[in-house]
């Protein structure tokens, strides 16, 4: 009985965390970014993350830790999938410079991109913050779609182990991100090689 109660309590905590994030996204602009890079040690990455969080808090934003996955250095010899601590940032004061500040911090912390989430969760996009990066290109945007709560996907964020993603309603090849097109191509190549 104790195990059932503990499992139920954990489930409720996970749901309430995801519900809170959903409520915040509906009320304010928000973003997700990280200070982690594959070329740094774990200690260095956690130190960088603490500095990033401190900078965000000092600007008056609300911040919570989330888990994200992303392919760093996509389509290069250094490509690697990383699961990293990211920060969900809420523009709770509705400041006009929010997007500019997030982009600036993405560049400062050497990120390939930052995820900008407009109020309401519709039309979220990646903004390229690293020179020489191909996806998304530096200072360019790539729309990733609308908020989907509780769904797992190749690229997602977790709050208390519960996933949320951003994607378009109907999938077509043309609408797939470059990452998804690459993954689809590799999956089909592997299937062909197995035959």
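Overview of values
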read-out	value
Residue order, fewest to most beta carbons within 10 Å, for 20, 37	20, 37
Per-peptide average of other Cβ atoms within 10 Å, ordering 109-119, 123-133, 51-61 highest first	109-119, 123-133, 51-61
Overall dimensions of the stretch 21-134 as given by Cα atoms, namely Rg and Dmax in Å	13.6, 42
Modelled FRET efficiency - R0 35 Å, residue 142 with residue 65, Cβ distances, 0.05 increments	0.90
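Since every read-out is calculated from the coordinates, none of them should be taken as a lab result. Note that the structure is a prediction, hence the values are computed from the model and not measured. With ideal geometry, Cβ positions are generated from the backbone for all residues, glycine too; neighbour counts draw on all protein chains shown.
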